[in-house]
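Report on one structure; see the data block that follows.
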Amino acid sequence: PMPPPRRLLLALALLLALARAARTEEELEDEGRSEDVVQDLFGEADANRDGRLDREELVKAAAAEDSEGRRHGEDEAIFLGAVRKHFARADADGSGFLDRKEAARFLELISEGDEL
């Protein structure tokens, strides 16, 4: 028989693994919405359609007019500040570009911050 402390450690390890793997329906819905937002961001900002976003593309997208020909100066300034503040943190591989996973992280950083 296994000594009790070892059994306890194995049981805790199993519980931690199960807890990490468990996902609630709400978390899955949030993930789906996040993927939609990333898709929208790429649709708007990925000007050269290379599947990556650079700072310039994000800046141009922020400065673009909406479908009614209006610009949103205050929103634009907030987003530009977020690009300056969070782009490098989200660019995990230091490539100067955000792939979809890094773009999701970029949006997370913005939502966690006080920009919006």
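Among the residues of region 66-92, those identified as modelled with pLDDT of 80 or more and either open to solvent by 100 Å² or more (accessible area, probe 1.4 Å) or in contact with a Cys (Cβ under 9 Å, 6 or more places away or on another chain) (or both) are ARG84, LYS85, ARG89. Across region 32-54, the qualifying residues are those that are touching a helix residue (DSSP H, G or I) at 6+ places or on another chain (Cβ under 9 Å) and closer than 18 Å to SER111 by Cα, and the one among them that is modelled with the lowest pLDDT is SER34.
The values are calculated or read from the model by the stated rules, or taken from the named source; none is laboratory data. Just so it is clear, the model here is predicted, and its values are computed rather than measured. Neighbour counts run over all protein chains shown; Cβ positions are idealised from the backbone, glycine included. Quick note on the areas: whole protein, heavy atoms, side chains included, nothing else; ligands and nucleic acids left out. Shrake-Rupley method; radii C 1.70, N 1.55, O 1.52, S 1.80 Å.
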